[in-house]
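The values are calculated or read from the model by the stated rules, or taken from the named source; none is laboratory data. If you're wondering where the values come from, they're calculated on a predicted model, not measured in any experiment. Using ideal geometry, Cβ is built from the backbone for each residue, glycine included, and neighbour counts are taken over all protein chains shown. Side chains are part of the model used for accessible areas, which takes the heavy atoms of the whole protein and leaves out ligands, DNA and RNA. Shrake-Rupley method; radii C 1.70, N 1.55, O 1.52, S 1.80 Å.
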Amino acid sequence: MAISLNVNGETHEVDVDPATPLLYVLRNDLELNGAKFGCGLGQCGSCTVVVDGAAVLSCVTPVSLMEGREITTVEGLGTIEEPGPLQTAFIEMQAAQCGYCIPGMMMSAHALLTRNQQPSDREIRDALMTNLCRCGTHMRIMAAIRRAGELMQQAAAPSERRAG
Amino acid sequence: MRFTRILAAVLILILIVAVGFFALAWRSEIKPVAAADPSSFSEDLVQQGARLAAVGNCIACHTVPGQPAFAGGLALPTPFGTIHSTNITPDPETGIGNWSEEAFQRAMREGVDREGRHLYPAFPYDHYTRVTDEDNRALYAFLMTREPVRSTPPENDLPFPYNLRPILAGWKLLFLDKGPFQPDTAQSEEWNRGAYLAEGLGHCGACHTPRNRFGAVESDRHFGGGEAEGWQAYAINANSPAPIPWDTDSLAFYLRNGWHQWHGVSRGPMAEVTGNLGLLPDSDIVAIATYVASVMGEPDEARRARAEELMAQAAEGPGEVQAAPAVDTQAGAGNPQDRGALIYASACAGCHNGSKPQPFGGLRFSLSTAVNAPNPQNIVNVVLFGLPPSDGQASAVMPAFANVLSDQDVADLLAHMREQYSDAPAWENLVDLVARTRSGEYKVVILPADGIERGPENVGASDGAEE
């Protein structure tokens with residue numbers, strides 16, 4: 001079936017089997033390889049993307065339900081030349097080791113920081129509860145997410161002053 | 001003259017009724033005592049009390065998740081208003097530190113606090129009244145050796161007349177069958193031990209028996225199915241909706257491990273129960289299973305044959321998933337069950353028609369009590385909120401689909417699952433049920449498989465409720 005997907009602000013027309021999970025379409029059809037295939041069972045979180053502001057596990061998300069919805073992948077957070085605040089913070093804190101889980105971690109964090117730029121450790125842990133990391137970089141990931149929140153607030157601050 | 005006489009007669013009658021009610025409702029205060037010295041209780045007695053407190057699941061209601069154990073303050077929504085659990089730590093001022101053992105025994109037996117006030121039956125004394133003096137002594141020893149916590153729970157939020165405790169005397173007159181458990185001499189010792197634990201401290205019937213409009217369990221529908229914290233507590237008598245009938249072995253395994261290969265994992269408030277029962281010796285678990293299996297009775301021939309068939313199918317390996325039909329997938333278009341089949345194929349089949357065994361694999365839905373139950377609430381809860389992971393240990397998990405599936409999507413998916421994996425009639429009003437559950441209008445408590453409560457704030461169940 002033909003379906004129109006809005007990914008990172010761009011519209012893509014794809015022709016896929018309607019029973020396909022979103023992850024396969026992102027990776028195979030759109031060649032957005034940020035979201036990873038880990039377990040394929042919605043248990044490890046490496047496939048996490050953001051749909052309409054909420055973190056979802058794309059390996060168990062039916063692509064047939066995604067028409068008209070706003071999908072963001074890690075590629076939508078910034079570019080190599082101009083990394084976004086989460087990407088900047090993850091680099092600054094050297095939060096990746098093997099890096100396989102990181103796009104999923106960043107997307108869960110993105111959904112969290114969009115709602116709340118000063119999350120408590122408990123809130124970060126809860127938001128990333130379903131993201132697994134086998135390398136054990138959790139403490140750096142936590143630090144990077146707190147740092148990203150700071151960067152987002154700093155970026156927002158001058159415009160608020162102008163507005164005031 | 002005559003009028004005055006009638007008036008006098010009525011007044012006297014009212015007075016007699018009032019005095020009678022007062023006599024019925026009045027309970028004396030039991031004198032406060034100095035807090036018991038923790039070292040005065042033997043280690044064995046305290047250990048026994050710990051196991052009994054686990055059977056009673058005391059901690060579940062008397063603790064706010066993340067706060068000190070047994071300090072109370074948890075809000076318990078009831079059809080009559082909200083009740084807050086009390087502090088049962090040995091703090092003398094805000095807890096039960098100045099309660100004598102006699103006062104504790106009376107609270108368990110009659111539902112009256114030390115000062116003589118009637119307690120609301122949210123504290124399940126209609127079950128705890130069955131507990132022996134000896135076991136109450138052990139419970140008292142256990143509680144008096146906990147860390148005292150200074151904490152006063154919030155006031156109850158109950159409208160008139162439910163805020164008047166003396167009316168509870170009337171409730172007790174009607175519904176409280178007071179007194180310790182009486183063994184049935186026709187049954188085995190094991191059966192009697194199980195009945196004592198299940199009917200007394202275990203208070204299985206508090207959730208698994210339906211309640212009447214006065215909030216009392218309907219004793220003539222014993223174990224006929226009720227509800228707890230937003231979950232259906234299935235019938236555990238002859239009406240059990242489990243596709244594979246339970247027996248003593250499967251019940252004992254499930255209560256011991258929190259899952260069973262033909263029934264899946266315990267979740268919702270039952271996860272707390274199976275988590276707590278971990279403290280019990282095998283003999284007590286088997287005793288409870290023996291008793292509950294006897295209440296369920298032997299399945300009839302047709303049910304047994306159907307179960308054999310389902311188990312044989314499941315043993316053949318991964319089941320075939322109905323091929324996703326080529327349909328218009330926009331909500332409202334096409335046959336809802338075809339839409340449901342499509343959602344099932346991409347969201348559910350990977351685990352639920354996979355080859356991973358329980359408890360980490362998805363249960364085959366033909367074996368699922370949730371899909372075969374008369375009320376779809378539990379499967380709605382699990383689809384929307386999933387089964388969150390336990391802390392620091394491998395546990396059964398399931399992703400939450402609330403952010404992926406609309407109310408209509410969930411309804412179509414469940415209609416498909418009901419059609420495909422159950423012989424029972426289709427569920428009605430699914431969209432409305434899903435919407436009320438998602439918004440928090442119908443409150444659901446979410447627990448991971450180890451039963452350590454940490455929802456609902458972190459799994460989004462309360463998002464809508466606060467808006």
### Query
segment B:199-247: which trypsin sites (Lys or Arg not before Pro) are DSSP loop and have at most 15 other beta-carbon atoms within 10 angstrom?
B:Arg213
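What is the mean number of Cβ atoms from other protein chains located within 10 Å of the Cβ atom of each residue in peptide A:54-60, rounded to a whole number? Numbers along the way, then the final one.
Values: counts 6, 1, 7, 7, 1, 4, 10.
Per residue, the number of nearby Cβ atoms from other chains is 5 on average.
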### Message
For the protein assembly as shown, give me the percentage of DSSP beta bridges that are antiparallel, rounded to the nearest 5 percent.
### Response
95
### Summary
Placing +1 on each Lys and Arg Cβ and -1 on each Asp and Glu Cβ in the protein assembly as shown, then taking the dipole about the Cα centre, the residue among A:Leu23, A:Gln94, A:Thr73 whose Cα reaches farthest towards the positive end is A:Gln94
### Query
By the scheme Lys and Arg +1, Asp and Glu -1, what is the net charge of all other residues having a beta-carbon under 12 Å from that of A:Leu26?
-1
### Query
What is the distance, in nm, between label points placed 7 Å from the Cα along the Cα-to-Cβ direction at B:Ala302 and at B:Arg2?
6.7
#### Entry: Burial of 40 Å² or greater, segment B:387-404 residues [accessible area, probe 1.4 Å, versus chain by itself]
B:Pro389, B:Val397, B:Pro399, B:Asn403, B:Val404
### Query
Excluding ligands, DNA and RNA, what is the solvent-accessible area per residue of the protein assembly as shown at a probe of 1.4 Å, expressed in Å²?
48
### Task
Determine the calculated [θ] at 222 nm for the protein assembly as shown from helices alone, applying -39500 (n - 2.57) to every DSSP H run no shorter than 4 residues and normalising by the residue count; nearest 500 deg cm²/dmol.
-11500 deg cm²/dmol
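Just check segment B:94-135 against the gyration tensor rule for me: Cα atoms, a ≥ b ≥ c as the square roots of the eigenvalues, rounded for a/c under 1.5, and otherwise prolate or oblate depending on whether a/b exceeds b/c.
Numbers: a/c = 2.02, a/b = 1.17, b/c = 1.72.
Oblate.
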### Full-extension gain in nm, B:Gln408 to B:Glu428, via 0.36 nm per residue minus C-alpha separation
5.9 nm
## Note on the structure
Note: A:18-29 gets an average of partner chain Cβ contacts (10 Å, Cβ to Cβ) equal to 3
### Query
For chain B, which span is the longest to avoid every loop-located (per DSSP) member of chymotrypsin sites (Phe, Trp or Tyr not before Pro) having at most 13 other Cβ atoms inside 10 Å?
B:215-467
### Message
Once each part is reduced to its C-alpha centroid, what is the distance from segment B:35-54 to segment B:174-244 in angstrom?
### Response
28
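I need the helices of chain B that pass two filters: whole DSSP H segments spanning 30 Å or more by Cα along the axis, and mean Kyte-Doolittle score no lower than -0.5.
On the way: long enough: B:2-25 (34 Å, 2.37).
Taking the DSSP H segments of chain B (at least 30 Å long, mean hydropathy at least -0.5), we get B:2-25.
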### Task
Just the number, please: carbon plus sulfur as a percent of the accessible area of chain B, 1.4 Å probe, no ligands or DNA/RNA counted.
56
### Query
Between chains B and A, what is the buried accessible area summed over both chains (1.4 Å probe, protein heavy atoms, nearest 100 Å²)?
1900
#### Entry: In degrees, nearest ten, helix A:102-115 long axis to first principal axis of chain A (Cα)
70
### Message
I want the local charge near B:Ala169. Using Cβ-Cβ distances under 13 Å, sum +1 for each Lys or Arg and -1 for each Asp or Glu among the other residues.
### Response
+4
### Summary
The simple spin-label model distance between B:Ala35 and A:Glu70, using points 7 Å out along Cα→Cβ, in nm, is 5.5
### Average Cα contact separation per residue, chain A, under 8 Å, 6 or more apart, as relative contact order %
23
### Query
What average number of partner chain Cβ atoms lie no more than 10 Å from the Cβ of the residues making up B:445-451?
0
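Can you figure out the FRET efficiency of B:Glu102 with B:Ile59, using R₀ = 22 Å and their beta-carbon distance, to the nearest 0.05?
Details: r = 24 Å, r/R0 = 1.09.
Between B:Glu102 and B:Ile59 the formula returns 0.35.
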